[in-house]
Amino acid sequence: MLKIAYHPIYVLPLPKGHRFPMEKYELVPQQLLHEGTCTEENFFEPDFPDEADILAVHDKEYVEALKQQTLSYREARKIGLPLSKRLVEREFLIASGTIKAAEYALRYGIAMNVAGGTHHAYTNMGEGFCMFNDQAVAAKWLLRKGLSKKILMVDLDVHQGNGTAEIFAGDDSVFTFSMHGKNNYPFKKERSDLDIELENGTGDEEYFRILKQTLPKLIEEQKPDFIFYLSGVDILATDKLGKLACTEAGCKERDRFVLQTCHDLKIPVEVSMGGGYSPHIKNIVDAHANTFRLAQEIFF
């Protein structure tokens, strides 16, 4: 069964006109239930994680500053969301959802988180709407529990997974692969184990050609026993923060290729949603919903 992390706290009110599309976290599950792709049984609500799971990735001083709301103005501004205790609770629960989804993926082959993909969070700071790095936290959890020995991070959000690269620098148990826009945020990039930079205007054909040449070879070389997939839909031509030119159909085929590859090779995969900033929320919801539809189609 496809298990999907979702909690009502994923949706918090933001100031009018804020560019972060918070409502997508409510609309995607509603759409999946409405069309019959999922039932209530597919969804689970994460509990608060053991704080040790967060501290395995993030510095204690940073975590305490978030909990106590003592970040400096500059530190809070880099995150880009109005800080509150409720927001910090949300971040704990998103990370917990990804941990639990990783555990479910070991059982069912795949599991997903409606939120997450917070790949700009570093060990000691947050930025770009990211506070805790959910997939890094879950990866460390798998390794500490002895449930995985080699993990591959497949980050196909349009923005580089700079936080993930920093967290796992020098860690041979996790290979970080990020394929992202060359001329896009973050403008000071970190070094992933493999970075592929795409020029502005890259469309479906070129995007898919590069991915198809890269991912199977990477899996063959690294031999991961678990994959984390960050399936950002900000590669769409409609995305106001993206700068690429992929269509919704192209984005869907990207997801199909990644998920089918994991399925065929019998490598468990956890999927977190990542970014999506098209002006019309329908474009974001449809593109994200495709990822869940494909998971059901391919794995179940």
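The values are calculated or read from the model by the stated rules, or taken from the named source; none is laboratory data. Quick caveat, the model's predicted, so the values are computed rather than measured. Cβ placement follows ideal geometry from the backbone for every residue including glycine, while neighbour counts extend to all protein chains displayed. Side chains are part of the model used for accessible areas, which takes the heavy atoms of the whole protein and leaves out ligands, DNA and RNA. Shrake-Rupley method; radii C 1.70, N 1.55, O 1.52, S 1.80 Å.
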- request: State the Kirkwood hydrodynamic radius of segment 173-255 in Å, one decimal place, computed from all pairs of distinct Cα atoms.
  value: 13.6
message: Is the C-alpha gyration tensor of segment 158-206 telling us rounded, prolate or oblate? Criteria: a/c under 1.5 is rounded; beyond that, a/b larger than b/c is prolate, otherwise oblate.
response: oblate
- prompt: What net charge is computed for the residues neighbouring Val11, neighbours being all others with C-beta under 15 Å from the C-beta of Val11, Lys and Arg scored +1, Asp and Glu -1?
  reply: -2
message: I'd like the accessible area for Arg19, computed on protein heavy atoms only with a 1.4 Å probe and all protein chains in place. Round to 10 Å², please.
response: 130
query: Thinking of segment 155-300 as a set of Cα atoms, what percent of all their pairs are more than 25 Å apart?
result: 23
query: Which shape class applies to segment 27-151: rounded if a/c is under 1.5, otherwise prolate when a/b exceeds b/c and oblate if not, where a ≥ b ≥ c are the square roots of the Cα gyration tensor eigenvalues?
result: oblate
task: Output the pairs from Lys240/Lys282; Lys78/Lys282; Lys24/Lys78; Lys182/Lys217; Lys189/Lys252 with a Cα-Cα distance over 25 Å in this structure; if there are none, say none.
output: Lys78/Lys282; Lys189/Lys252
query: In debye, nearest 20: dipole of the chain around its Cα centre with unit charges on the Cβ of K, R (+) and D, E (-)?
result: 360
statement: Residue-ordered couplings for segment 62-71, obtained by feeding phi - 60° into the Karplus form 6.51 cos²θ - 1.76 cosθ + 1.60 and rounding to whole Hz (Gly and Pro as x), are 5, 4, 5, 4, 5, 4, 8, 6, 10, 4
- prompt: If amide H atoms are built 1.01 Å from N in the plane of the peptide, which residues on other chains or at least 5 residues away come under 5 Å of the amide H of Ile196?
  reply: Ser178, Met179, His180
field: Residues with amide H under 5 Å from that of Phe226, placed H, sequence gap 5 or more
entry: Lys150, Leu152
Nearest-0.05 FRET efficiency for Glu206 and Leu241, computed from C-beta distance (R0 25 Å): 0.80
- request: Could you tell me what fraction of 2.2 N^0.38 Å the Cα radius of gyration of the chain comes to, as a two-decimal ratio?
  value: 0.90
message: Once you compute Rg and the Kirkwood Rh from C-alpha atoms, what is the Rg to Rh ratio for segment 77-214?
response: 0.97
- line: Straight-line reach check, Lys3, cutoff 16 Å on alpha carbons, 8 or more apart in-chain or any other chain, hits among aspartates and glutamates -> Glu40, Glu41, Glu45, Asp47, Glu103, Glu270, Glu297
query: If each of Glu23 and Gln68 carries a label point 7 Å out from its Cα toward its Cβ, how far apart are those two points in nm?
result: 3.8
query: Residue-wise, which Karplus ³J(HN,Hα) couplings in Hz belong to segment 217-232, taking 6.51 cos²θ - 1.76 cosθ + 1.60, θ = phi - 60°, and x for glycine or proline?
result: 5, 5, 5, 4, 6, 8, 6, x, 9, 7, 10, 9, 10, 9, 9, x
- request: For Glu40, tell me the accessible area in Å² from a 1.4 Å probe, rounded to the nearest 10.
  value: 130
statement: Total charge of the residues flanking Pro224 in space, meaning their Cβ is under 11 Å from its Cβ, with Lys and Arg +1 and Asp and Glu -1, is 0
message: Quick query: amide H of Phe44 versus all other amide H atoms, modeled in the peptide plane; which residues come in under 5 Å with a sequence gap of 5 or more or a different chain?
response: Ile4, Ala5, Tyr6
- prompt: Among residues other than Gly250 whose Cβ falls under 9 Å from its Cβ, what is the net charge (Lys/Arg +1, Asp/Glu -1)?
  reply: -2
field: Zone of Lys145's modelled label, taken as backbone nitrogen in segment 1-38 under 20 Å from a point 7 Å along Cα→Cβ
entry: 1-7
query: What is segment 1-43 by shape, rounded, prolate or oblate, if you read a ≥ b ≥ c off the alpha carbon gyration tensor as root eigenvalues and call it rounded for a/c under 1.5, prolate for a/b larger than b/c, and oblate otherwise?
result: prolate
field: Ranking by accessible area, most exposed first, for Thr39, Thr214, Thr98 with a 1.4 Å probe
entry: Thr39, Thr214, Thr98
- request: Report, in cubic angstrom per residue, the convex hull volume of the C-alpha atoms of segment 210-281.
  value: 91
- request: Just name one of Thr70, Leu215, Val158: the one whose Cα is farthest towards the positive end of the charge dipole of the chain (beta-carbon charges, Lys/Arg +1, Asp/Glu -1).
  value: Thr70
task: Considering only protein heavy atoms, with the full assembly of protein chains and a 1.4 angstrom probe, order Glu51, Glu253 by accessible area, largest first.
output: Glu253, Glu51
message: How large is the accessible surface of Arg256 in square angstrom, using a 1.4 angstrom probe and rounding to the nearest 10?
response: 60
query: Mind listing the phi-derived Karplus ³J(HN,Hα) values for segment 98-113, rounded to whole Hz, using 6.51, -1.76 and 1.60 with θ = phi - 60°, and x for any glycine or proline?
result: 6, 4, 5, 5, 4, 5, 5, 4, 5, 7, 10, x, 8, 7, 9, 10
- prompt: Largest first, what is the accessible-area ranking of Tyr10, Tyr185 with a 1.4 Å probe?
  reply: Tyr185, Tyr10
query: In nm, to one decimal, how far is the Ile281 label point from the Glu35 one, both placed 7 Å along Cα→Cβ?
result: 1.7
